[in-house]
Each structure stands twice: as structure tokens, then as C-alpha cells.
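The values are calculated or read from the model by the stated rules, or taken from the named source; none is laboratory data. Predicted model, so just to flag it, every value in this text is computed and none were measured. Because the Cβ atoms are built from the backbone with ideal geometry, glycine has one as well, and the counts that use them run over all protein chains shown. The area values use the complete protein model at the heavy-atom level, side chains included, leaving out ligands, DNA and RNA. Shrake-Rupley method; radii C 1.70, N 1.55, O 1.52, S 1.80 Å.
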Amino acid sequence: MAILSSLSSATLCGASVFPKVLACSSEFSTNLSSPFESSKICLTSSFPASRHPKKISTWNLTRNVAPIQGIRCHAMQVETRECFTAGKKFQLSDVIEGQQFDREMLSAIFDVAREMEKIEKSSTQSELLKGYLMATLFYEPSTRTRLSFESAMKRLGGEVLTTENAREFSSAAKGETLEDTIRTVEGYSDIIVMRHFESGAARKAAATANIPVINAGDGPGEHPTQALLDVYTIQSEIGKLDGISVALVGDLANGRTVRSLAYLLAKFKDVKIYFVSPEIVKMKDDIKDYLTSNGVKWEESSNLMEVASKCDVVYQTRIQRERFGERLDLYEAARGKYIVDKDLLGVMQEKAIIMHPLPRLDEITADVDADPRAAYFRQAKNGLFIRMALLKLLLTGW
């Protein structure tokens with residue numbers, strides 16, 4: 001049963017809750033045994049004011065029902081929680097963090113991504129998202145993420161509104177708040193893809209917007225679409241996700257990609273994660289605590305050679321100079337400690353892979369590129385398919 005709510009501008013995400021919704025319908029009277037009755041029911045909300053409702057949530061409703069002139073009026077206390085499917089319809093409203101995905105959802109996204117691979121290879125132009133507009137708001141530099149999202153939208157027949165350096169060339173430079181920017185941009189578009197320099201900015205944007213928001217990286221916080229394409233790449237290259245060993249290498253303190261990837265790897269069985277990094281950029285305790293609480297084995301090591309010989313995946317990252325501010329002495333002390341080169345290839349397993357979210361500097365030498373285990377450019381291409389899948393699912397629900 002669906003309740004048709006006129007409150008189409010309300011945001012149902014995170015802690016947002018309708019205090020009360022009043023629904024009057026004669027059809028409710030058939031299954032109630034008394035004039036006043038409390039019960040728990042699960043309903044799917046539908047918002048007619050938008051052709052692609054952002055928030056479709058499962059509601060736990062407590063009904064207090066009384067007859068009024070032959071009509072049952074129901075005052076319903078509403079608690080919202082994100083749900084995955086109602087029937088076969090995909091009902092994810094935003095992509096904000098790695099924690100929001102479970103194995104079922106990942107499998108569904110990957111199935112669609114494989115369909116997107118076929119579309120990309122086809123000579124005919126897809127019109128799946130014809131008539132839709134995507135706005136990209138990037139407050140930090142990006143090449144792969146921004147271009148892959150824009151390519152994804154256009155390959156599915158949609159259009160793009162873009163600002164490459166929103167921090168400098170948008171009204172943010174005049175002091176406009178993020179919330180005001182989001183409220184403005186959602187009036188021009190159907191979905192927002194945002195990269196921001198502050199951790200938590202994407203969650204704030206999603207709480208403000210009434211259209212889907214995708215986190216394309218929020219400072220040192222998370223980068224969930226990168227993690228999705230990373231897991232998709234591991235599955236495609238290794239053939240499995242359970243029972244794998246993964247080395248996360250480099251700037252683990254500031255690297256949002258490794259944080260999101262750790263969250264997703266925790267969804268799978270018998271995974272072992274090795275953290276290899278300079279002391280100053282070690283993985284933060286919140287990730288370690290999360291892995292421990294979810295039964296994921298992890299280990300810190302300073303010996304990349306030893307770790308690489310045991311792993312199915314060596315996931316290298318660059319030391320991020322932009323996160324050190326004026327402390328360039330600390331940056332110089334951290335960079336160059338762990339290099340993937342031909343010597344490392346010599347100890348790696350034959351079917352292992354090397355991954356990198358890119359861009360790279362000198363942490364993977366160029367002579368590694370020709371080795372079939374170097375998967376980082378295939379990994380980048382997979383980002384197109386994952387982002388095509390997410391845009392399709394978020395905008396159409398299928």
C-alpha cells in the first residue's frame with residue numbers, strides 16, 4: 001500500500017523525521033477490530049511533486065484510529081529508515097558513505113554496471129536518462145571523478161551542468177553557504193554530484209536537497225563511488241571478494257578512498273587487511289575499531305615486501321601534499337617511503353593485482369604499467385560503469 005503525501009519537499013534521510021502525517025482513507029477501516037487501535041505497518045511513501053522522488057523510505061507507523069463521520073482518520077507517528085527495494089525497485093536516495101551499502105545492494109549495483117559495460121561498447125546512443133540534468137559541484141580539483149560522471153551521464157542520454165572549481169568560481173567565494181548553494185542548484189537539475197574540501201559536507205548537502213546527492217569526495221572523509229568501483233574491480237580481476245587479502249598502502253590518514261574501501265571490504269567474509277604507511281599518516285582508529293567490531297582481521301606493518309607477497313591486492317595511494325598545509329617538512333618525511341616497482345612485482349603472487357585511485361606521482365614506477373597485474377587504468381575505466389549504474393538507479397529507480 002502506498003501513501004500519497006503532499007509533503008514532497010520534506011527530506012527523509014539521516015535523522016530527519018516527520019513529526020506526524022495525517023492520512024484519511026476509508027480503505028483502512030476494513031482490517032481494524034476496534035475504534036482505537038495501535039499497530040505497526042510498513043508502507044512505501046510516494047511523492048507526486050517530483051518525477052524522480054529522492055526519498056523513498058520504509059515507514060514504521062503507529063496508528064491511533066478513530067471513526068469520524070464514516071471516515072477513518074489516522075494520526076501516524078513516523079520514523080524513517082532507508083530501504084533497499086520494494087518489489088524490484090531500487091530505492092537508494094543518496095550516495096554518501098561506504099557504510100550505507102550491504103552485500104545485496106552491492107550485487108544489484110554491480111549487475112547494473114555490467115549492463116552499462118554493454119551500453120558503453122554499443123554503437124547506438126542510449127536514451128535511458130534523456131531529459132535528465134546532472135549538476136556537478138566540485139570544490140576541489142578532479143579529473144577522473146568529474147569526467148567519468150559527466151561521461152556517464154552523457155552516454156545515457158542525459159545532460160550536464162558543471163562548475164569545475166566551485167570554491168573559487170561559484171558564489172561560495174562570496175560567502176554563500178553550502179545549504180543555499182544546494183537549494184539553488186537543485187532548482188536547475190535532477191541530481192547533484194559534489195566534491196567538497198570539508199569532511200561531512202556531502203551529508204549536509206543530502207540533508208538539504210530534495211533531489212539525489214552523490215558524494216564525489218568530502219575532504220579526508222569518504223569517497224564512496226571510488227570504493228564501489230574498487231570493489232567492482234577486485235571482483236572482476238580476482239573473481240571473488242570473500243577470502244581475500246588486501247594491502248592498503250600510503251597516505252591512510254588522509255586518504256578518503258582507503259577509508260571507504262575498508263568499510264566495503266568489511267561486508268565480505270574472511271577478509272584480511274594490511275595497513276602499510278609512514279607513521280605520520282597511519283590509518284585512523286575509527287576505521288580499525290569498525291573493522292574489529294565487524295570481525296575483520298587487520299594488521300599494521302612497515303614491511304611492504306613481506307605484505308605484498310601475501311596479498312591478492314596491493315592498493316597503493318599517493319601521499320597527499322594538500323592535506324599537510326604549511327607543514328611541508330612532514331610531507332617530505334612521509335613521501336617516497338613505499339614504492340611499487342619491479343622489485344615488488346618480483347615477490348607478488350602471479351594472480352595478484354596492483355590498484356591505485358590515481359593520480360599517481362612516484363609511488364608506482366612507470367615500468368610497472370606493462371605488467372598485467374597493473375590494474376589501475378582498468379580500475380579507472382570501471383569508474384565509468386559504476387557511475388553510469390548509480391545515475392540510472394538513482395534517477396529511474398530501476
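Can you tell me the length gained on complete extension of the stretch D362 to I339, counting 0.36 nm per residue apart and subtracting the Cα distance? List each step's numbers first, then the result.
Details: separation 23, 0.36 × 23 = 8.28 nm, distance 0.74 nm.
Taking 0.36 nm per residue and subtracting the Cα distance, the gain is 7.5 nm.
Spin-label point model (7 Å from Cα, Cβ direction): what's the D102 to E300 distance in nm?
For D102 paired with E300, the spin-label model returns 3.3 nm.
First compute the accessible area of the stretch 225-378 with a 1.4 Å probe, then give the percent of it belonging to carbon and sulfur atoms.
46
Given 0.36 nm per residue, what is the gain on full extension from T292 to L161 after removing their alpha carbon distance, in nm?
On the way: separation 131, 0.36 × 131 = 47.16 nm, distance 4.20 nm.
That works out to 43.0 nm of additional length.
Say R0 is 25 Å: what FRET efficiency, to the nearest 0.05, do D369 and Q349 get from their beta-carbon distance?
Calculated transfer efficiency: 0.85.
Would you grab the residues whose amide H sits under 5 Å from the one on I214? Only those 5+ places off in sequence or on another chain, please, with H modelled 1.01 Å from N.
For I214, the qualifying residues are V95, I192, V193, M194.
Roughly how many Å² is the accessible area per residue of the stretch 119-222, as a whole number, for a 1.4 Å probe? Let's see the in-between values first.
Numbers: 4660 Å² over 104 residues.
Counting only protein heavy atoms, the per-residue value for the stretch 119-222 is 45 Å².
Which whole-Hz ³J(HN,Hα) couplings does the stretch 343-352 yield from phi under the Karplus relation 6.51 cos²θ - 1.76 cosθ + 1.60, θ = phi - 60°, glycine and proline marked x?
Per residue, the Karplus-derived 3J(HN,Hα) values read 5, 5, 4, x, 9, 6, 5, 4, 9, 6 Hz.
Amide H neighbours of K272 under 5 Å, at least 5 residues apart or on other chains, H built in the peptide plane: list them.
Those lying under 5 Å, H to H, from K272 are I244, S245, V246.
Calculate the FRET efficiency for T124 and L147 from the Cβ-Cβ distance with a Förster distance of 25 Å, rounded to the nearest 0.05.
0.65
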